[in-house]
1. Return yes when V125 is within 16 Å of the ligand (Cβ to nearest atom), over 14 Å from the mean Cα position of the chain (by Cα) and either aromatic (F, W, Y) or part of a loop (DSSP other than H, G, I, E, B) (or both) and no when it is not.
2. Using beta carbons and a limit of 6 Å, which pairs, at least six apart or on different chains, have the first residue in region 24-39 and under 18 Å from M144 (Cβ atoms) and at pLDDT 95 or above and the second one buried (at least 17 other Cβ atoms within 10 Å of the Cβ) and among the β-branched types (V, I, T)?
3. If you go through region 135-170 one residue at a time, how many are touching a Leu at 6+ places or on another chain (Cβ under 9 Å) and over 30 Å from Q15 (Cβ atoms)?
4. Which residues, counting only those in region 34-54, are in a helix (DSSP H, G or I) and under 23 Å from A104 (Cα atoms)?
5. Is it true that some residue in region 50-61 is at pLDDT 95 or above and either within 12 Å of the ligand (Cβ to nearest atom) or closer than 25 Å to K163 by Cβ (or both)?
6. Return the residues of region 131-175 that are without any contact (Cβ under 8 Å) to a residue 60 or more places away in the chain and of a type in the set (V, I, T); say none if nothing qualifies.
7. Against the conditions (1) closer than 17 Å to G131 by Cα; (2) in contact with a Phe, Trp or Tyr (Cβ under 6 Å, 6 or more places away or on another chain), where does A67 fall short? Just the number, please.
8. Out of region 49-72, which residues are in contact (Cβ under 8 Å) with a residue 60 or more places away in the chain and within 19 Å of V127 (Cα to Cα)?
Amino acid sequence: MSSIAVPHDSVLTTQLQKVVNWARRSSLWPMPFATACCGIELMATASSRYDIARFGAEAMRFSPRQADLMIVAGRVAIKMLPVLQRIYQQMTEPKWVISMGACASTGGVFDTYAVVQGVDQFIPVDVYVPGCPPRPEQLLEGVMAIQRIVDQDGIPPRGPDGKRRPLQIAIQPTHDVRPQPVPLTVGPR
Ligand code: SF4
């Protein structure tokens, strides 16, 4: 009986990991670190039209101990950096990070000493969502990328030194930009 029980247990463990990954990817709890205009798009993503609840990620948490997905939406001032890092440290493991928009990823147009020129210099970013601001669909692409990571790996990778290794996946734009400038519709006809 024992010779049968061992392979049975190993199969069960593999399947259990899949179930755990499925549960994790279906119940991401975001920590919205929204500091500027990208935060408005983040709110729109949670609204009925885009409905982030379809992906199980609607439970925004403002206590880091109840969150496992940090979404940095907007520029981060140097003064805010210690707060960002502390919140990241206090979040539960395993945890992931989305950098939403040009400002969070690079500082955007704010090329100044007072603004962090990319949060990935200070916390491990897993997914970059491009745009200024990114549309809600684009952020949803980022959430789905995190879900795929969780599906495949479950636990975020760590380097030989034990430090968290950022996955640094860049999302491609999903919509066609309209030619600018658009024709004016005001004035005498
Ligand atoms: S990327 Fe654009 S929309 Fe987002 S915070 Fe920066 S300026 Fe605002």
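The values are calculated or read from the model by the stated rules, or taken from the named source; none is laboratory data. Here the structure is a predicted model, which means the values were calculated and not measured. All Cβ positions, even for glycine, are placed from backbone atoms using ideal geometry, and neighbour counts span all protein chains on display.
1. Numbers: within 16 Å of the ligand (Cβ to nearest atom): yes; over 14 Å from the mean Cα position of the chain (by Cα): no; either aromatic (F, W, Y) or part of a loop (DSSP other than H, G, I, E, B) (or both): yes.
The answer is no for V125.
2. Note: pairs meeting the criteria are P30/I71; P32/I71.
3. The qualifying residues number 2.
4. Here is the first cut: in region 34-54, the ones in a helix (DSSP H, G or I) are 38-46, 52-54.
Within region 34-54, C38, G39, I40, E41, L42, M43, A44, T45, A46, I52 qualify.
5. Checked against the condition, which is being at pLDDT 95 or above and either within 12 Å of the ligand (Cβ to nearest atom) or closer than 25 Å to K163 by Cβ (or both), region 50-61 yields no hits at all.
6. Correct list: I149, I169, I171, T174.
7. (1)
8. Hits for region 49-72 are I52, F55, A57, L69, I71.
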